[in-house]
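The values are calculated or read from the model by the stated rules, or taken from the named source; none is laboratory data. Bear in mind the structure is a predicted one, so any value in this text is a computation, not a measurement. FYI the Cβ positions are ideal-geometry reconstructions off the backbone, even for glycines, and counts take in every protein chain you see. Please note that ligands, DNA and RNA were not included when accessible areas were found on the heavy atoms of the full protein model with its side chains. Shrake-Rupley method; radii C 1.70, N 1.55, O 1.52, S 1.80 Å.
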Amino acid sequence: MQFSCINFLGLIHTKEEQEVSEKSKIRQVFLRKRKFLKAGELKRRSATLLELFKSSFDLSKYNYVHVFLPIEKQNEVNTWPLVEYLESKKKQVVVSKSDLTSNHMSHYLLDRSVGIVTNKWGIPEPSGGQLVTEEQLDLVLVPLLVFDRQGNRIGYGKGYYDHFLSKCRPDCIKVGLSLSPPVDNLPGIEPTDIKLDYCISPTGLYTFGVLEK
């Protein structure tokens, strides 16, 4: 009798179910590790990522750069110094606003006069401004909890960024920012999961099948 696709009294699981379970456990582990980072260590690692970004990317090739703004309660990478660096280079800095019912995002030029508000999930967002389409973006900085050596990433599991990145141009550069080094392989990777082109971690710049042009 074939049981490979049947969960029989919770004893038999499909490969897909096992991978989803592993992925969920990995998400919990790395989120917990990140939340335990001391403020000083978070600041140090975030500064390291900024310096690696500065030394690794020729910004003359990019005009519209999308940046995620940090969720403080989740101990995310502090991207505000990176925003200031991009502004000093006269780049068009783009930030997003999330639709919590559809799991989609809209994108706006960062305008200091419009202001940033925090939604109920603790995500800093623009209160309005000039809309930007996904097709206009040249480089996207991508949040994550953990990534692997093939350029796969695990985030919070809502699918916001995979949906967003799927709408960007094929030549739009996707750069992950990670507070931890990569793992060898991540489970449960699906065809709809968008791979990174690069990832920056405190241990260096990782490249996934692309070369800086």
(request) Could you identify the single residue in LEU177, LEU137, LEU165 that is over 14 Å from the mean Cα position of the chain (by Cα) and among the aliphatic types (A, V, I, L, M)? (result) LEU137
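Scan segment 43-57 for residues that are open to solvent by 70 Å² or more (accessible area, probe 1.4 Å) and either of a type in the set (Asp, Glu) or touching a helix residue (DSSP H, G or I) at 6+ places or on another chain (Cβ under 8 Å) (or both) and jot them down. Break it down into steps so the answer makes sense when it comes.
Within segment 43-57, the subset open to solvent by 70 Å² or more (accessible area, probe 1.4 Å) is 43-44, 51, 54-55.
Those that are open to solvent by 70 Å² or more (accessible area, probe 1.4 Å) and either of a type in the set (Asp, Glu) or touching a helix residue (DSSP H, G or I) at 6+ places or on another chain (Cβ under 8 Å) (or both): GLU51, LYS54.
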(request) Filter segment 125-149 down to residues that are open to solvent by 20 Å² or more (accessible area, probe 1.4 Å) and more than 17 Å from SER166 (Cβ to Cβ), then give me how many there are. (result) 5
(message) Quick check on this structure: which one of GLU87, GLU17, GLU72 is open to solvent by 30 Å² or more (accessible area, probe 1.4 Å), within 27 Å of HIS163 (Cα to Cα) and at pLDDT below 90?
(response) GLU17
(message) Condition (residue is polar (S, T, N, Q) and surrounded by fewer than 17 Cβ atoms within 10 Å (Cβ to Cβ)) applied to segment 117-124: is it met by at least one residue?
(response) yes
